[in-house]
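Everything below concerns the one structure shown next.
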Amino acid sequence: MPARALRLACLPAFALMLGGASAPHLVPDVSQRQIDIQYSFKGAELLLFGAIAYPDGRPPDKPADIVVVLKGPERPIRIREKQKVAGIWVNADSMQFQSVPSFYAIASSRPIEQITDERTTAIYELSITNIQLSPTSFSDTAEIARFERGLIDLQQREGLFVQRPGTVEITDGLLYRVRLPLSARVVVGDYTAETFLIQDGRVVAAAVRDIQVRKSGFERFVALAAERWPLPYGLAATAMAVLMGLLAGWVGRRV
């Protein structure tokens, strides 16, 4: 079982041990469980909502906080640093990160630093700066931090890392909702919408909903063909490229 899934599965048990029968639980949902990507896809906006179920049906006197994390499939990324040599920009140092979320968006009812401590934030990856990127380099800490900052900045500029504190609306201490953007640059795959209930600085409940992002229409046919029949797909793509080149040459000679 993946570490994240194991962590979420253990939370209800921990909550019961800590709070007995009074432990609350979350009932989350999302406006779209499946998102189809076509050539005209310009991004989407997801509504994540749900309810906080307390055993007695009443919220505590001190309201709890909600944090929602929308995360895409992880992938390795190599970051290269450029330097100017003799007036020309060239690649210099580089670093490989093994587990970079292809998309990461987080929203909370208040700024994270006001909700919980740094240790809890790091354990549950409740901020962009606490994502476990797993660098493969054995360089010093300062160099790793520099490349991590560069990676995070790049992902934020491309709309793939999003952080929106104070945007989760909680109604009557029981219902919550928030809207999070899904960039047009997202990759296909299985996404997760994780919801955390935090009270007195501790995560007392968590739940997850799966979201599937996939290609549709002609793009889906091409992607499936490349995956299921790689050799015929490669031959067909090569033949099409040759034919297009010949056609362009023929048209050029006639003009």
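Among the residues of segment 59-70, is there at least one that is closer than 22 Å to residue 181 by Cα, among the acidic types (Asp, Glu) and either more than 17 Å from the chain's Cα centre (by Cα) or open to solvent by less than 10 Å² (accessible area, probe 1.4 Å) (or both)?
Yes, there is a match, as at least one residue in segment 59-70 is closer than 22 Å to residue 181 by Cα, among the acidic types (Asp, Glu) and either more than 17 Å from the chain's Cα centre (by Cα) or open to solvent by less than 10 Å² (accessible area, probe 1.4 Å) (or both).
Run residue 105 past the list (1) open to solvent by less than 30 Å² (accessible area, probe 1.4 Å); (2) closer than 15 Å to residue 197 by Cα and report the number of the one that doesn't hold.
That leaves (2) as the condition not met.
Hey, can you tell me all the residues within segment 110-163 that are touching a strand residue (DSSP E or B) at 6+ places or on another chain (Cβ under 6 Å) and on the phi > 0 side of the Ramachandran plot?
Scanning segment 110-163 gives a single hit, 134.
Would you call residue 115 surrounded by fewer than 13 Cβ atoms within 10 Å (Cβ to Cβ) and in the same structural domain as residue 47 (by TED's automatic domain parsing)?
no
Per-residue answers, yes or no, for (1) modelled with pLDDT of 75 or more; (2) in contact with a Phe, Trp or Tyr (Cβ under 9 Å, 6 or more places away or on another chain):
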residue: 8; (1), (2): no, no
residue: 47; (1), (2): yes, no
residue: 50; (1), (2): yes, yes
residue: 64; (1), (2): yes, no
residue: 67; (1), (2): yes, yes
residue: 73; (1), (2): yes, yes
residue: 80; (1), (2): yes, no
residue: 84; (1), (2): no, no
residue: 100; (1), (2): yes, no
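Evaluate the following for residue 243: is it in a helix (DSSP H, G or I) and either open to solvent by 60 Å² or more (accessible area, probe 1.4 Å) or modelled with pLDDT of 75 or more (or both)?
Yes: the conditions hold for residue 243.
Could you tell me how many of the residues in segment 83-100 are within 27 Å of residue 167 (Cβ to Cβ) and either open to solvent by 10 Å² or more (accessible area, probe 1.4 Å) or in contact (Cβ under 8 Å) with a residue 60 or more places away in the chain (or both)?
Residues that pass the stated criteria total 1.
Here are 80, 75: which of them is in a strand (DSSP E or B) and either exposed (fewer than 12 other Cβ atoms within 10 Å of the Cβ) or touching a residue at least 40 places away in the same chain (Cβ under 8 Å) (or both)?
One residue alone meets the criteria, 75.
Considering only residues of segment 126-181 that are of a type in the set (D, E, K, R) and part of a helix (DSSP H, G or I), which is most open to solvent (accessible area, probe 1.4 Å)?
My answer is 157.
The values are calculated or read from the model by the stated rules, or taken from the named source; none is laboratory data. No experiment lies behind these values; they were computed from the predicted model shown. With ideal geometry, Cβ positions are generated from the backbone for all residues, glycine too; neighbour counts draw on all protein chains shown. In case anyone asks, the SASA skips ligands and DNA or RNA and just uses the protein heavy atoms, side chains included. Shrake-Rupley method; radii C 1.70, N 1.55, O 1.52, S 1.80 Å.
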